[in-house]
Structures are given as structure tokens and as C-alpha cells.
Amino acid sequence: MRQLQSFLLVKNKPPNEDSMKRLSALLVVLFALVCSHASAKSSNYVFTGKDIYESCTHALKGLDKTGEYDDHRFGACAGYIAGIVDFHTVVSTVESLPVDMFCLPRNISTAQVIRDVTQYLEDNPGKHHDLAAYLVILALREAYPCQEEAFSK
């Protein structure tokens, strides 16, 4: 029981309703990731850097109004990146999981994050075969590194 309590500690506070909600959200996200991974393995489909690059290229055409774009790909790009950012936000609130992989400015727009990820993918075409989630995190880590003190929670 003590191990569970120490796992649930959020910002040096004992478990409460708020920390239980955070843990529940984390478990739901982890469950979804496990299920999607199992599904991806069984269908031999994984969202790669090439996939996210193509989707985000369409998203930028829509955001910049520079050409025709596919709504589905626009949504895939924005949703995928927002999901990773949201997951990072949830996980970084649980003290026992130090995951300050990147530190986004408070008022950054989704459009700017899409631009940064797309630019990283443009600059690193040799990585397009890698897992998209990994590449999005690398792109955000490069664009928005955390200060040293962020790691010493």
C-alpha cells in the first residue's frame, strides 16, 4: 500500500481526489497506447515519421492557406501531436514519473507546434522510418528544451 501511496504523490501531497483523477487519466492513456500498439502489431501498421510528415504537410497547407489539403490528414497531424503533448502533461504531473522531455511555452499555439515538428521532419528525412511518437518528442525536445532546474523536481 505504501508503494501505491508513493506512486500517487503529486507535488509532495498525499493521495487525494485530484491525484486519483490524474492516475485514472494516466491509466486510460496507457491502456489506449497498449491497445493501439497491439492493434498496430497485429495489422503491421505503425504511424511513422513519413506518415506524420505527410499529414503535417497537409495541415500546414490548411493553416497557411497555401493550397488544397486533406481534412483527414490535417486532423491526423493535429490530433496526433496534441495527444502526445496532452500525454506528456498528464505524466509530468505525477511526481514519481519524471518526464520533462520538453517544456512548451504556456501560450504556444497548436499551429506553431505543428510547424516545429514538420520542420524537424523536413530536416531529418533519414528518420522517417522511425516511430512517429518518438520523432514528435525529439522535435519538441529540440525546439523546447527544459531548463536544468526542471529536471531537479
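Applying 1/(1 + (r/R0)^6) with R0 = 25 Å to the Cβ-Cβ distance of residue 101 and residue 130, what FRET efficiency is obtained, to the nearest 0.05?
0.95
Using every alpha carbon pair in segment 44-151, what percent of pairs falls into each 5 Å bin from 0 up to the bin containing the largest distance?
2, 12, 23, 23, 19, 12, 6, 2, 1, 0
Show me 68-78, 51-61, 103-113 ranked by packing, highest mean number of other Cβ atoms within 10 Å first.
51-61, 68-78, 103-113
Could you please report the charge total around residue 76, scoring K, R as +1 and D, E as -1 over all other residues with beta-carbon less than 12 angstrom from its beta-carbon?
Result for the neighbourhood of residue 76: -3.
Express in nm, to one decimal, how much length is gained between residue 147 and residue 65 on full extension, taking 0.36 nm for each residue of separation and deducting their alpha carbon distance.
The span from residue 147 to residue 65 would gain 26.0 nm if fully extended.
Please give the Cα centre distance for segment 117-141 versus segment 44-73, rounded to the nearest Å.
With segment 117-141 and segment 44-73 each reduced to a Cα centre, they are spaced 14 Å.
Just so you know, all these numbers are worked out from the coordinates, no wet-lab data involved. Keep in mind the model is a prediction, meaning the values are calculated, not measured. We place every Cβ from the backbone using ideal geometry, glycine too, and count neighbours over all the protein chains shown.
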